[in-house]
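**Q** Quick one: the structure is below, and I'll ask about it shortly.
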Amino acid sequence: MDIKERIRRSPREEEAPVAAPPRGRKGGAAMLLLRWSLPAAALVVCAVLLLMLAGGSAARRGRLLDADPSVGVVARDDPRLVRPRDEDGTSGSPEVVKDKLLGGLLVPGFDEQSCLSRYQSVLYRRISPRFPSTYLLERLREQEALQKKCGPHTELYRKAIAQLKSGQDIKVMDCNYLVWTAYSGLGNRILTIASAFLYAILTNRVLLVDGDKGTADLFCEPFPETSWLLPSDFPIKQFKNFSVVSPESYGNKLKSKVVHHSRPAFVYLHLAHDYSDYDKLFFCEDNQHYLQTIPWLILKSDNYFVPSLFLIPAYQEQLMRLFPQRDAVFHHLGRYLFHPTNAVWGMITRYYDSYLARADEKLGIQIRVFDTETGPFQHVLDQVLACTFKEHLLPEVNTQEPIVSPSKARSKVVLVTSLNSGYYEEFRNMYWEHPTANGETISFHQPSHEEHQDSDKKMHNRKAWAEIYLLSLSDVMVTSAWSTFGYVAQGLSGLKPWLLFKPENRTAPDPPCRQVLSMEPCFHAPPFYDCKAKRGTDTGKLVPHVTHCEDMSWGLKLVDQS
């Protein structure tokens, strides 16, 4: 029975039976005592003794015990991993006991059946290479308390809505809100929710998300005892149609020079790819001071704008404490926020257990082609093969000899995600018709091939979310330039993928790929403006931890210089 099945079958801690004492130890005498009718006090003493002697068995049931340096495990205070001792005191088999609360990112108390993925993800995902900071955990608990205090259907929410309806010149209340608007494709939506959530933490706002485009169908509620979904009776009905030209936008208010003469009940923030120079002034500190006086902010974006938040002086100290490892912002926020609903989790686990679980290594290849034609394209196929061969991610095939792989050959499974099935079929046929040069057995799998992106269809979004998550369960990953689908997968996984450069003129680039500097997503449309000097500047050169992206020279991404 593998470790995943053992963890699944282990009883809950509060229901776990008292384990028998190890053989050959004094525990045998204690067991004999239990057979006699002893006074109640003696029974308590014996029970305590048995629990102390049964530590090894408790570890096998999935409890987290203090690690012993003599068995070569991780640091004593690492809650994620222990290697239990055998009954004779020697190092046991490498049985992994994982922390289902993800190092403290999550809290207990949710109804586990309502969202199976929240606590089951540890059974499928590799242990994270990054620890959340103590300060991040503190702020998450504070945000959860704020969401519960001010969330939908609370008295404070009703008061805030009443004031919003009045439209009067009002002051900041106990509860202030950031409303996220569903916009663009699934990858963009996930990245912008994470960006909005970080901004909500920095500004002490309640995050409410628009339920359109299947938000509730894809993601479980992240906050305990409340909802993050914007109620359907939200009084500003037209907010979904706001755009760069809307007079409610902060940029247009700045342009018309009326913004500082009043305190409206809400302001619209347009931070999408087509935002104006005035909209971009959102990232200037003096404008942030003004926005903190507005009770309701409504946000529309298709960008991961976190890197530019790191350039706002008012937030820099707090961000450094939240994320001492600068390249783990989306990694932590993504694992905290985005838990697949049971419908999507079923798709993920069924596919993983059927096709991916038993391989020695899992390679994920994500192919996104920004072309008006559907393909497949030979130059893309050539580029993927050039990358995987050059970086020894896939073995080359032997076209000369009909080699038969040994029965216990190392196995590698390749998960291909693409709108087109042609690339998967070419890979599969290549490794079916010819043996590998190194004797490995390679299998290829592609869950779906939708041909075209259709972000308004429920099942299309479910498949996309399931494939992003499956891709993030890889041991090694290859992703496509400019693709937010790939950004989300790499961030959830904690991997630094090999990035396929964007082809030009339908020609495979040379080199075909490179490993990225960090797993952070790229901010595709950042401002290039020095707020203090009030002139243009290269915002990728202001601080060492915000630099330009590997796949988009004008984009910004976070890196960890340490």
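The values are calculated or read from the model by the stated rules, or taken from the named source; none is laboratory data. Values in this document were obtained by computation on a predicted structure and should not be read as measured data. Positions of Cβ are generated from backbone atoms using ideal geometry, with glycine treated the same way; all protein chains shown enter the neighbour counts. Surface areas here come from the heavy atoms of the whole protein model, side chains and all, with no ligands, DNA or RNA. Shrake-Rupley method; radii C 1.70, N 1.55, O 1.52, S 1.80 Å.
**Q** Roughly how many percent of the accessible protein surface of segment 354-428 is carbon and sulfur, given a 1.4 Å probe and a whole-percent answer?
**A** 46 percent
**Q** At 0.36 nm per residue, minus the direct Cα-Cα distance, what do Asp233 and Ser166 gain on full extension? Give it in nm, one decimal, please.
**A** On the way: separation 67, 0.36 × 67 = 24.12 nm, distance 1.54 nm.
Separation in residues times 0.36 nm, less the Cα-Cα distance, equals 22.6 nm.
**Q** Quick one: of the DSSP bridges fully inside segment 358-508, what percent are antiparallel, nearest 5? Each step should come with its number before you reach the end.
**A** Numbers: 2 of 19 bridges.
That works out to approximately 10 percent antiparallel.
**Q** With each label point set 7 Å from Cα along the Cα-Cβ vector, what nm distance links Glu285 and Asn204?
**A** My value for the distance between the label points is 1.9 nm.
**Q** Next question, about the same structure. Can you tell me the FRET efficiency between Asp538 and Ala314 if r is taken as the Cβ-Cβ distance and R0 is 22 Å, rounded to the nearest 0.05? Don't skip to the answer; put the middle values down first.
**A** Details: r = 22 Å, r/R0 = 0.98.
Computed FRET efficiency for Asp538 and Ala314: 0.55.
**Q** How big is D for segment 134-337, in µm² s⁻¹ as a whole number, if Stokes-Einstein is applied with the Kirkwood radius of its Cα pairs at 10 °C and 1.306 mPa s?
**A** Values: Rh = 17.2 Å.
Estimated diffusion coefficient is 92 µm²/s.
**Q** Hey, another quick one. When the dipole is taken about the Cα centre of segment 360-426, and only Lys, Arg (+1) and Asp, Glu (-1) are charged at their Cβ, what size is it in debye, to the nearest 20? If you can, show how the numbers build up before the last one.
**A** Numbers: 6 positive and 10 negative charges, 69 e Å.
For segment 360-426, the charge dipole is close to 340 debye.
**Q** How much net charge surrounds Cys175 when only other residues with a Cβ under 12 Å from its Cβ are counted (Lys, Arg +1; Asp, Glu -1)?
**A** +3
**Q** Determine the dipole magnitude for segment 90-241: charges of +1 sit on the beta-carbon of Lys and Arg, -1 on that of Asp and Glu, nothing else is charged, the reference point is the Cα centre, and the result goes in debye to the nearest 20.
**A** Working: 19 positive and 16 negative charges, 71 e Å.
So the magnitude is around 340 debye.
**Q** Averaging over all projection directions, find the projected area of the Cα convex hull of segment 460-562 and quote it in nm² with one decimal place. Spell out each step's value before the answer.
**A** Values: hull surface 34.6 nm².
That works out to 8.7 nm², a quarter of the Cα hull's surface.
**Q** Amide H neighbours of Ile298 under 5 Å, counting only residues 5+ apart in sequence or on other chains, H built in-plane at 1.01 Å?
**A** Result for Ile298 returns Val179, Val267, Tyr268, Leu269.
**Q** Can you pull a Stokes-Einstein diffusion coefficient for segment 358-508 at 37 °C (0.692 mPa s), Rh from Kirkwood over Cα pairs, as a whole number of µm²/s? It would help to have the intermediate numbers written out before the result.
**A** Values: Rh = 16.0 Å.
Taking Rh from Cα pairs, D becomes 205 µm²/s.
**Q** Next question, about the same structure. How large a share of the accessible area of segment 134-337, in percent, is made up of carbon and sulfur atoms when the probe is 1.4 Å and the other protein chains stay in place?
**A** On the way: 3660 of 7410 Å².
That share works out to 49 percent.
**Q** Starting at the first residue of segment 365-370, write each ³J(HN,Hα) from the Karplus equation 6.51 cos²θ - 1.76 cosθ + 1.60 with θ = phi - 60°, in whole Hz, x for Gly and Pro.
**A** Karplus-based 3J(HN,Hα) across segment 365-370 equals 10, 10, 10, 10, 10, 8 Hz.
**Q** How large is ³J(HN,Hα) for each residue in segment 247-252, as worked out from phi by the Karplus curve 6.51 cos²θ - 1.76 cosθ + 1.60 (θ = phi - 60°), to whole Hz, x for Gly and Pro?
**A** x, 6, 6, 5, x, 6
**Q** Another one. Cβ under 11 Å from Arg326's Cβ, Arg326 left aside: what net charge do those residues give with Lys, Arg +1 and Asp, Glu -1? If you can, show how the numbers build up before the last one.
**A** Values: positive: Arg130, Lys557; negative: Asp327, Glu520, Asp560.
Once all neighbours under 11 Å are counted, the net charge is -1.
**Q** Work out how far the C-alpha atoms of segment 282-338 reach from end to end along every principal axis, then list the three figures in whole Å, largest first.
**A** Sorted from largest, the Cα extents of segment 282-338 read 30, 25, 18 Å.
**Q** In addition: Whole-Hz Karplus ³J(HN,Hα) for segment 296-307, in order, using 6.51 cos²θ - 1.76 cosθ + 1.60 and θ = phi - 60°, x for Gly and Pro?
**A** 10, 10, 10, 10, 10, 7, 10, 10, 8, 8, 4, x
**Q** For Val397, enumerate residues with amide H under 5 Å from its amide H, sequence gap 5+ or separate chain, H modeled in the peptide plane.
**A** Answer set, sorted by chain and number: Ala437.
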